[in-house]
Amino acid sequence: MAKPSPSLYSISKTFVWFALVSLLLLGSLIAIVLLDHHRDWKNWQKKFIALKLEKTEKELKAADEKLDKKKIQDLRLEIARTESDLKAHQSERAARRKAAAALEPRLARAKARAQDLKQFQDSYKYFFEEYRVLGDRRAADFEKKLAEIAPRLTEAKADLEDLEKESEAKKAALEAFAQKEKDLQKALDQILQEKTRVEKKIANVKPSLAKDILNAPMLDFLHPSLQIQQIALDGLEDDYHFAKTQKVDRCTTCHLAIDQKGFEDAPQPFRTHPKMDLYLGAASPHPVEKFGCTVCHSGNGHSVSFITASHTPHDEAQAKEWVKKYHWREIEKWDAKMLPIQHVQAACAKCHRSVVEVPQADKLNRGRRLAARYGCFNCHKISGFEDRWKAGPDLRRVGSKVDREWVIRWLQNPRDFRSSTRMPQIFHLSNTQSPDEKNRDDAAIEAIAVYLMKNSETVELSVPPAIGNAEKGETFVKQLGCLGCHSLPGIKGGDAAAELSGLGSKVKPEWLYAWLKNPRHYSPNTRMPNLRLSDEEAADITAYLLSNCNDPFEKSAAPKARPEAVDQMLLDSMQGTMRHADAQKMLAGMTDEEKLEALGKKSIAHQGCFACHAIKGFEDQKPIGAELSNESRKDIHQFDFGFVDIEHSRRAFIAQKLRDPRGYDKGKVKAYYEKLRMPQFHLSDEEIESLTTFVLSLTDESMPLEMQKRPDLREAGVEKGRLLVSKLNCNACHALDGKTGALRALTEDPGAAPPILDGEGAKVREKWLHEFLKNPTPIRPWLTYRMPTFGLSDEETKTLVEYFAYLAHENISYKGAEVPETSPEKIEAGKKLFGQLQCAKCHEVNADSAAMGASFLAPDLTLAKKRLKPEWVKKWIEDPQTLQEGTMMPTFFADGQTPITDVLGGDAKEQIEAIRDYLYRYEAPDKTKGETREAKIPIANQAA
Amino acid sequence: MKKKVYFSAAFLTLLIAAVPASAATLGGKIAFEGRPPAIEKVKTDADPKCKMAHPDGLASDQVIVNPNGTLKNVFVYVKSGLEGKAFEAPKEPVVFDQKGCQYSPKVFGIQVNQPLEIVNSDDTLHNVHSLPTQSQAFNLGMPIKGMKLKKTFTKPEVMVKIKCEVHPWMSAWAGVLDHPFFGVSNEEGQFEIKNLPPGQYVIEAWHEKYGSQTQSVTVTDKDAETAFTFKAA
């Protein structure tokens, strides 16, 4: 019988279990410590230390090489020589010191002796003088003593001087030895300074036993040299779904040299930031302490591993490379994925709101411009961009311009008419390819044409007075400035407006003539300005533009709508609101034309044509596009990728949508009216990338106010002006605000190009500018380019005047012509200079000069006082070339020197002022009254 | 092998620089083929001072075909073959005159940083407006008879146009080079490029209306001749 156990459990078994669990625990502990010790970021830091060490060693070598070897050699030799000299003369030095020391008592003795003797001499002198006066006979004794002591004193003084000299020489010799050595050492130290600095640096970087111990497992809580680096950002939060935490960026844990110059070519993650002047630096506009990294780049700033930081590859090749190198995968749960580098400018818009263009963000700005160009803002509501204009022409009077057949051909595929058109293709796209869908598309096209024609107002059109000359018309088109906005077939001009091709196959001559004479007569809101063409000019241009035809387009088919397709589509559209039988009954009572018009209305509403074009009957309709105000933060699961096999990311979705807007319908079963409607813009890859950047910039994320770029009153005025300037396309002709005028670039002679408007606000008076913008009158008669009349409202004009003034840091004053204070003498001098410098040679237009060819004519100076600001005139006379590069106006004061020495003492500055003052009182001679070139001078200091 | 040629060329250059007497002169003639264009008369009525200088009108100086059938004012220069050599700019200025409402010389060569002395010998206002693309442009008003101004070009450029906006018919051309090897054809159609060290060169001849032509020329230490022919347009 087994002996009953004394306890309830087996002790030996317990020991075994205990040992096992302990071992397991120990194993886990070791594993934890080891895993922690080998974390990703520590390896990166070690690698960086190695890199830095290598780099510093190279620096050392370079510093070493930079040293003047010969000089060092010489210095070293000299030091050695000095040292050996010092050593060799050690005994002598000692002897000298000894001698110098030994001299001391002798010196003291000699000093004492000389002093003694001097005292004796003084007392002998005293007694001698005393006794001699008293008549004492002892006077003779003292006289004798006095005579005896004199040579002894002289001798003693000489001895003392000799000794002093000897002592000084010996001390100096000693000193010289030491000083020489000191100087040499100092020179050497200076030369070796750079090397020493780098050597110290290396010592800091170099791994050492002490560092190893501090970084050792379990000990690394003390003060390790490998540490997580982080930037905590006040006022910013990371969203962890239902929980928000302060934003912390630990990117610099691995990107260790991001803010250090010198690692521009280092492998990632150790490369220096490529735009240090703009980012990171304390003096840059975006210091790293304030902005961190993920504010711009996105990604998970808390993470210190490659994968969980949510790095995003910029293309598939990089994705593959990363998978291979780092086992990279996408972090599905993290919403704010890092922006791939080609779209990083999207982040600028978070803080740079309410500006037309973000400085230096070229791609984002290009995206915004493209969005305006293609009318994205017309269909899609995007907050911040509500004030954009309609991209397409007004169609409320289209019947006066084109005919029904043309509209039908055009809508088939607008690019068949003009390959450069901005009008997208709406029909016959990838999701309407079945025969039934094609029929429906054709029916919709004719229906739209019918609706537009039926709902078009008629405009009164006048016939050209004579048949124009196409050749002359071509010259006008090239010389008046049309090319600023339009291109011609084969001639690259601007692209803000339509290419002027194929018009002979499109518009009616009387429409074109009326349009050229006054675009607003046809379209009250058009951006096309009025060139103030004469009847003859307009007729010539009409003839020229109509001479270009598109024959294949004219001959192409204009498919008719099939009645059954029209009926079916109308029935489909009425399905939701009417019983089928009622709908059929209603259709039966309609004529074909009525049906087409009804379908046209439905089709325009369905396709959203009215968003870009003004169309009668659609004045209050809401555009059909989805709102995109927060598109960059829309949940990825809300994007319908359908059966399109692409990466599931926002940027991939957007790019694919832009490339093939109807593509996500692939493989789906959808009724005609359920299909995707975004039209095909035929964008280039580069346009798609820019537009994607733009869409990725759309966010409602609120940034702290102090991080945002918030414009002050003047900046806001400039921005308002910038938007209007972009709408009016002022840059098509003028160089302005950092942009070169397109027409200026096309013009060979800068003197014949449209003027540079930089600094215009400092140049012209606000009152004059306001009047000029409302009603431009020629200032530079020699220019063939013509400043058009834009028909600006008072508000728009004010916006532009303020824009120019603020841009030039000027204050706004609508005061009239103020005349600068001066004296009659100065005006007289000004008049004399005006004559001697022969200003009127160019600044006066007469019949003879006009006959010579216009190139040398200059502005009428009677305009100056109304137009120009007095301070500017002085600068202009002094050096016109710096204010208006390439101007025909020469400087008469080259290098600040005047050619006329007998007026106002030859003082150039005084002379310039005198000319200016004269100019503000200058009246052109009135030829009708038989006046000569003499100017009338009103009494000084009176306002004109 | 090629290196050797360079070395010996460099050696020769040194030798020649030391003994300038042995440097060669490249000369030649600019022939003109075809019918010379009709001489246009310029109207100078607007400026009475100009009209006084040319009472019968002023002949355009754009194309001047000499009586011997050669072309005047062709700028001939060494376009390449001097790479890597530096030549100091002469202190002596090129004098550029405005006389009788015409420029003289009409076509000239000048070295980079060599002073250009601009003179107005007319009793009327001229402006001298240079239109370089490489150097800083200048536009100087010269209202006083006899006044002189100095300017330089800082970068080589063939050619730089100079014009007067007061008198639109006035234009001149400057060939700005970083070496002294250039010449302009004269009333006989002759040009000369002096002191040219032996070597292989590309020579270009430029004319305002007829464009430019190039030739490869090998220069030894003996004077050489070459010729260009421009054809009527």
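Every read-out reported here was derived from the displayed coordinates using simple, explicitly stated rules and does not represent laboratory data. From a predicted model like this one, the values you see are computed outputs, not experimental measurements. For neighbour counting, all protein chains shown are included, and Cβ atoms are generated from backbone atoms with ideal geometry for every residue, glycine included.
So the values come out like this:
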{"quantity": "Angle in degrees between helix B:2-18 and the longest Cα principal axis of chain B, rounded to the nearest 10", "calculated": "60 degrees"}
{"quantity": "Exposure proxy order (Cβ contacts within 10 Å, fewest to most) of A:S813, A:S684, B:S212", "calculated": "A:S684, A:S813, B:S212"}
{"quantity": "FRET efficiency, A:R710 to B:K43 (Cβ-Cβ, R0 45 Å, nearest 0.05)", "calculated": "0.15"}
{"quantity": "Residue order, fewest to most surrounding Cβ atoms within 10 angstrom, among A:I341, A:I258", "calculated": "A:I341, A:I258"}
{"quantity": "Overall form of the stretch A:641-718 per C-alpha gyration tensor (a/c, 1.5; a/b vs b/c)", "calculated": "prolate"}
{"quantity": "Global geometry of the protein assembly as shown, whether rounded, prolate or oblate, following the gyration tensor of its Cα atoms and the 1.5 cut on a/c", "calculated": "oblate"}
{"quantity": "Rounded if a/c under 1.5, otherwise prolate or oblate - the stretch B:183-229, Cα gyration tensor axes", "calculated": "oblate"}
{"quantity": "Summed residue charge, Cβ within 15 Å of A:H648's Cβ, Lys/Arg positive, Asp/Glu negative", "calculated": "-1"}
{"quantity": "Compactness of the stretch A:231-338, expressed as Rg and Dmax over alpha-carbon positions, Å", "calculated": "14.4, 43"}
{"quantity": "Additional length obtainable on full extension of the chain from A:D362 to A:A232, 0.36 nm per residue less Cα span", "calculated": "43.8 nm"}
{"quantity": "Helix A:563-574 axis, angle to chain A major axis (alpha carbon atoms, nearest 10°)", "calculated": "60 degrees"}
{"quantity": "Degrees, to the nearest 10: A:316-326 long Cα axis against longest axis of chain A", "calculated": "40 degrees"}
{"quantity": "Two-site label geometry, A:A158 and A:E821: point separation in nm, points 7 Å out along Cα→Cβ", "calculated": "8.5 nm"}
{"quantity": "Cleavage-rule hits, GluC sites (Glu not before Pro), the stretch A:386-451, DSSP coil, Cβ neighbours within 10 Å at most 12", "calculated": "A:E386"}
{"quantity": "Rh by Kirkwood over Cα pairs, then Stokes-Einstein D for chain B at 1.002 mPa s and 20 °C, µm²/s", "calculated": "112 µm²/s"}
{"quantity": "Volume of the Cα convex hull of the stretch A:711-807, divided per residue and given in Å³", "calculated": "95 Å³"}
{"quantity": "Relative packing of A:388-397, B:221-230, B:171-180, which averages over residues the other C-beta atoms within 10 Å, highest first", "calculated": "B:171-180, A:388-397, B:221-230"}
{"quantity": "Qualifying GluC sites (Glu not before Pro) for the stretch B:76-183 [loop in DSSP, other Cβ within 10 Å: at most 11]", "calculated": "B:E83, B:E88"}
{"quantity": "Beta bridge orientation in the protein assembly as shown: antiparallel %, DSSP, nearest 5", "calculated": "70 percent"}
{"quantity": "For the stretch B:69-80, Karplus couplings with θ = phi - 60° (6.51, -1.76, 1.60), whole Hz, Gly/Pro x", "calculated": "x, 10, 10, 8, 6, 9, 8, 10, 8, 7, 7, 8"}
{"quantity": "Cβ neighbours within 10 Å from other chains - mean over A:711-723", "calculated": "0"}
{"quantity": "Test item: B:129-142 mean partner chain Cβ contacts at 10 Å", "calculated": "4"}
{"quantity": "Cut-off 16 Å (backbone N to label point 7 Å along Cα→Cβ of A:D749), residues of the stretch A:450-486", "calculated": "A:479-480"}
{"quantity": "Chain A: calculated mean residue ellipticity at 222 nm from DSSP helix runs of at least 4, using -39500 (n - 2.57)", "calculated": "-15500 deg cm²/dmol"}
{"quantity": "Calculated FRET efficiency for the pair A:L209/A:K244, C-beta based, R₀ 51 Å, to 0.05", "calculated": "0.70"}
{"quantity": "Rg ratio (alpha-carbon, reference 2.2 N^0.38 Å) - the stretch A:437-531", "calculated": "1.32"}
{"quantity": "Formal net charge of residues neighbouring A:S726 (Cβ-Cβ distance under 14 Å; K, R +1; D, E -1)", "calculated": "+4"}
{"quantity": "At R0 = 41 Å, FRET efficiency that the Cβ-Cβ distance of A:I779 and B:Q213 yields, to 0.05", "calculated": "0.40"}
{"quantity": "Stretchable slack from A:L587 to A:K66, in nm (0.36 nm times residue separation minus alpha-carbon distance)", "calculated": "178.1 nm"}
{"quantity": "For A:T294, A:T887, A:T901, order by how many other beta-carbon atoms lie within 10 Å, fewest first", "calculated": "A:T901, A:T887, A:T294"}
{"quantity": "A:D620 versus A:D551: modelled label distance in nm, points set 7 Å from Cα along the beta carbon direction", "calculated": "5.2 nm"}
